[in-house]
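The structure under discussion appears below in the form of structure tokens.
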Number of protein chains: 2
Amino acid sequence: MARAKSSGNGGERRDSRGILFDATAALLSERSTIEVSLSEIAQRSGLNSALIKYYFGSKEGLLLALLERVAERSMADLAALVGMDISAEQKLRIHIGGIINTYYRSPYVNRLINYMIVQGDKASSEKVAKIFVEPMIAAYRAIVAQGVGDGAFRPLDPGMLYYSVVGACEHIFYAGYSLPTTLGMTELTEQVRQQYVQHVLDLVFHGVLARPTATA
Amino acid sequence: MARAKSSGNGGERRDSRGILFDATAALLSERSTIEVSLSEIAQRSGLNSALIKYYFGSKEGLLLALLERVAERSMADLAALVGMDISAEQKLRIHIGGIINTYYRSPYVNRLINYMIVQGDKASSEKVAKIFVEPMIAAYRAIVAQGVGDGAFRPLDPGMLYYSVVGACEHIFYAGYSLPTTLGMTELTEQVRQQYVQHVLDLVFHGVLARPTATA
């Protein structure tokens with residue numbers, strides 16, 4: 001039976017919840033939708049589907065718990081970045097690269113967030129806001145305060161910066177169906193991922209206008 | 001029986017398809033999800049639900065046809081903008097205001113596009129790419145070619161500019177569940193819409209860095 005690849009979380013693999021998370025993440029990574037059944041997860045994990053219900057109540061419960069696990073790790077990294085002794089520009093640059101890389105490595109995260117929202121369940125939407133948006137907006141407030149305080153950034157609304165930067169980073173993954181039309185490819189490559197990070201960095205720091213004194 | 005508000009398409013109101021489109025758009029505008037039933041549409045339009053099946057095959061068919069109608073109008077406006085005798089910067093500015101205003105006025109459009117994609121139906125995704133992405137990318141290619149040719153824009157990849165600009169414009173509408181956390185409000189107001197247009201324009205044209213010589 002195929003098992004989910006470990007991603008450096010050896011300790012967690014030993015318990016059933018961790019095995020179910022890994023199996024679900026592996027299945028979601030292999031397909032372009034969030035359509036995955038309890039029996040597929042059971043088969044991939046080698047565990048009984050009754051165990052999924054025992055731990056998570058339902059498939060929805062498992063997907064939300066998986067998203068929480070991803071959020072916990074990403075948001076801990078983000079908090080550590082904000083606390084570092086580097087410039088606000090440096091922090092925003094690393095953060096932008098981090099969002100794009102996370103979505104590149106785990107495109108199912110984006111789809112899962114979308115699914116939780118489009119489902120229209122108020123509790124799920126609020127949960128997503130709590131685990132992703134609250135820590136993100138706290139980080140944007142801190143980075144903007146530092147950058148504006150230093151005179152490096154012009155005055156900015158952290159909430160609006162959050163929407164525009166996250167939107168600029170994620171749309172290419174969300175709208176993957178459009179890649180053949182926009183970039184002439186069916187799948188993002190590592191090279192295009194790097195180019196896209198550079199594109200968003202250039203846009204966010206300098207905008208589209210030609211500059212007489214290039215300082216990119 | 002409540003009827004959908006006419007939005008300047010008097011001629012079309014006379015036929016049943018137009019009445020069904022208006023009723024569906026009105027229902028979708030009133031709620032925060034795309035959950036709308038055939039019987040609700042029938043009741044609101046005053047027409048028989050068998051007529052919906054006759055014209056569109058199913059509710060999905062009706063929603064896709066509604067999206068096509070919206071796309072036709074928006075994309076005709078965009079093509080007209082591209083053909084105007086104004087600078088590339090002006091075109092991009094008007095386009096950005098246009099995307100944000102469209103989503104502000106008709107937030108269901110964004111949800112409907114998301115729904116068609118998250119549903120995972122390949123035919124729907126391809127249709128969305130055809131009716132929205134193809135004309136959009138053609139416009140971005142033309143505007144970037146003009147701007148770079150004039151020396152107004154730095155060299156840019158039109159496909160990457162498309163993802164980053166559209167993402168920056170739409171995420172605030174898509175992620176509406178997060179407004180209380182980010183901006184301290186439950187709903188976007190006209191004032192915030194205007195501020196957001198200005199925020200995205202400033203970001204896309206100048207980036208976040210403080211400039212010694214302000215030319216905003």
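Here, each number is a calculation from the coordinates, and none is a lab measurement. Bear in mind the structure is a predicted one, so any value in this text is a computation, not a measurement. Neighbour counts are summed over all protein chains in view; Cβ atoms, including those assigned to glycine, are modelled from backbone coordinates with ideal geometry.
Summarise the partner chain shielding of B:124-136 as one whole number: the mean count of Cβ atoms from other chains within 10 Å of each residue's Cβ.
For peptide B:124-136, the averaged partner shielding equals 3.
Using the Kirkwood formula over every pair of different C-alpha atoms, what hydrodynamic radius in Å results for the protein assembly as shown?
Final number for the Kirkwood radius of the protein assembly as shown is 23.2 Å.
Listing A:Ser37, B:Ser45 from the residue with the fewest other Cβ atoms within 10 Å to the one with the most, what is the order?
Going from sparsest to densest Cβ surroundings: A:Ser37, B:Ser45.
At 7 Å along Cα-to-Cβ for each site, give me the label-to-label distance between A:Glu190 and B:Gln195 in nm.
4.4 nm
Relative to the other copies, what are the label-point distances for A:Arg73, with labels 7 Å from Cα along the C-beta vector, expressed in nm at one decimal and sorted shortest first?
Counterpart label points of A:Arg73 in the remaining copies fall at 4.6 nm.
Taking the label point as lying 7 angstrom from Cα along the Cα-to-Cβ axis, what are the distances from A:Asn101 to the corresponding position in the remaining copies, in ascending order and in nanometres?
4.1
Over 33 Å, how big is the tail of the calculated P(r) for chain A, in percent of all Cα pairs?
Value for chain A: 23 percent of Cα pairs lie more than 33 Å apart.
Normalising by the residue count of chain A, find the relative contact order in percent from Cα pairs under 8 Å and 6+ residues apart.
18 percent
Can you list residues whose amide H is under 5 Å from B:Phe153's amide H, if they're 5+ apart or on another chain and H is modeled 1.01 Å from N?
Amide H neighbours of B:Phe153, under 5 Å, 5+ apart: A:Ala210, B:Val148.
Using the count of nearby Cβ atoms within 10 Å as a rough guide to exposure, how do B:Lys91, A:Lys53, B:Lys127, A:Lys122 rank from fewest to most?
A:Lys122, A:Lys53, B:Lys127, B:Lys91
Mind giving me the FRET efficiency for A:Asn48 and B:Ile86? R0 is 45 Å, r the Cβ-Cβ distance, nearest 0.05 is fine.
Once rounded, the FRET efficiency stands at 0.10.
I need the shape label for the range B:99-216. Rule: rounded when a/c is under 1.5, else prolate if a/b > b/c, else oblate, with a, b, c from the alpha carbon gyration tensor.
Because a/c hits 1.5 or more and a/b fails to exceed b/c, the range B:99-216 counts as oblate.
How many times 2.2 N^0.38 Å is the alpha carbon radius of gyration of the range A:30-135?
1.24
Enter the mean number of other protein chain beta carbons within 10 Å of the beta carbon of each residue in A:73-82, as an integer.
0
How far is B:Gln195 from the same spot in each other copy, in nm, shortest first, if each label point sits 7 Å from Cα toward Cβ?
Here B:Gln195 shows inter-copy label distances of 3.8 nm.
Across peptide B:147-160, what mean number of C-beta atoms from other chains lies inside 10 Å of a residue's C-beta?
Mean number of neighbouring Cβ atoms from other chains: 4.
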